[in-house]
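Remarks on the structure that follows.
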Amino acid sequence: VFVPNFKIPLMLQKSDGGYGYDSTDMAAIKYRLDELKARQIVYITDFTQGDHFQMVFAAAKKIGWVDDDSHRLDHIGFGTVQGEDGKRFKTRSGDTVRLVDLLDEAVSRMEASLRERNSSSDGKGGNVSEEEIHKTACAMGYGAVKYFDLRRNPTSNYIFSYDRMLDTKGNTAIYLLYAHARLESIISKGKADFGVDVDALISDGKSKINLSHKSERNLGLHLEFFADTIEETLADLYPYHICDFVYALSNAASEFVTQCKVLGSPEMESRLLLCRATAITMRQCFDLLGIRHVMRI
């Protein structure tokens, strides 16, 4: 089958009667459209397969299986994961690195970091009990690996680095999870130390969020971008839009709690509600990215 913009044909059957990837992918797309009644199909493979899938999509359209008004076919290509040397990421022995080993190592490093934080004598100890450390480390370690992969354009190559993905500063899941936990800590202290229950304020429906300080307005405007971010992500199917949004939101939230006194201030109810609105939005982003949030660290 010859399709527009390609000089070579899609081989549905070889001259010797055999079948290849062209054949199986065409059979698969017909099954998904006719039997599964799929309206949108997304293929995620190595980016070098891009031309192949564009030919498959064009052939399905030429044959009449695809209707532009009711079907959408997408291919998302991903780049190569590289080591610190810039070459394809492998073990020291030259073998392919297993994902489970990457995840286990990330969890192990986070467990060590959390235990070190708990034993700190500088007054900045953690809020995670010994019994909670492994569960918390799993959420943070797995989330760090996922976020490090999702936060960039999937077609680009990137260098795998535990130090960078587990950094508590910068555009990492660890930074975001700490930022979220900080907001929830402020909310908890509002209830414990000042008797202001955010959930009760929300249920009552009488308290309002007032954005008077510039950092409050900045955070409020960032929250407004959430719907646009989702629309943008649905358009091109790149999750890095959500990563960019939640990172910018976290920075705005950090500026807000630094510039504006929340606990014990005349604006405490309003500012606690703003903290909760931000935390909820962050959790929605985490859910969309497949990252499990933690309430305290």
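The values are calculated or read from the model by the stated rules, or taken from the named source; none is laboratory data. Since the model is a prediction, treat every value here as computed from it, not as a measurement. All Cβ positions, glycine included, derive from the backbone under ideal geometry; neighbour counts span all protein chains shown. For the accessible areas, the whole protein counts, side chains as well, though only heavy atoms, and no ligand, DNA or RNA atoms are used. Shrake-Rupley method; radii C 1.70, N 1.55, O 1.52, S 1.80 Å.
Okay, residues lined up against (1) part of a helix (DSSP H, G or I); (2) at pLDDT below 95; (3) more than 16 Å from the chain's Cα centre (by Cα):
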residue	(1), (2), (3)
203	yes, yes, yes
206	no, yes, yes
231	yes, no, no
245	yes, no, no
- Task: For region 163-184, enumerate the residues that are crowded, with 17+ Cβ neighbours inside 10 Å, assigned to a helix (DSSP H, G or I) and not aliphatic (A, V, I, L, M).
- Result: 175, 178, 180, 182, 184
- Item | Cross-chain or 6+ apart pairs with Cβ under 7 Å, region 69-83 first and closer than 11 Å to residue 33 by Cα, then part of a strand (DSSP E or B) and of a type in the set (A, V, I, L, M, F, W, C) | 73/41
- Item | Exclusive hit being open to solvent by 50 Å² or more (accessible area, probe 1.4 Å), in contact (Cβ under 8 Å) with a residue 40 or more places away in the chain and hydroxyl-bearing (Ser, Thr, Tyr), set 203, 212 | 212
- Message: So for region 130-141 (the condition being assigned to a loop (DSSP other than H, G, I, E, B), closer than 23 Å to residue 245 by Cα and out of contact with any Gly (no Cβ under 9 Å at 6 or more places or on another chain)), does at least one residue qualify?
- Response: no
- Item | Scope region 121-141; condition more than 13 Å from residue 296 (Cα to Cα) and either at pLDDT below 80 or crowded, with 19+ Cβ neighbours inside 10 Å (or both); matching residues | 121, 122, 123, 124, 141
- Query: Before we move on, is residue 272 buried (at least 20 other Cβ atoms within 10 Å of the Cβ) and either part of a helix (DSSP H, G or I) or on the phi < 0 side of the Ramachandran plot (or both)?
  - Reply: yes
- Task: Go through region 208-229 and count every residue that is assigned to a loop (DSSP other than H, G, I, E, B) and under 21 Å from the mean Cα position of the chain (by Cα).
- Result: 1
- Mind listing just one residue for me: the one in region 260-269 that is in contact (Cβ under 8 Å) with a residue 60 or more places away in the chain and either small (Gly, Ala, Ser) or touching a Cys at 6+ places or on another chain (Cβ under 8 Å) (or both) and, of those, most open to solvent (accessible area, probe 1.4 Å)? 264
- Item | Of all residues in region 146-189 being aliphatic (A, V, I, L, M) and more than 19 Å from residue 244 (Cβ to Cβ), the one that is nearest to the chain's Cα centre (by Cα) | 166
- Task: Would you be able to tell me the number of residues in region 40-71 that are farther than 15 Å from residue 25 by Cα and in contact with a Leu (Cβ under 9 Å, 6 or more places away or on another chain)?
- Result: 2
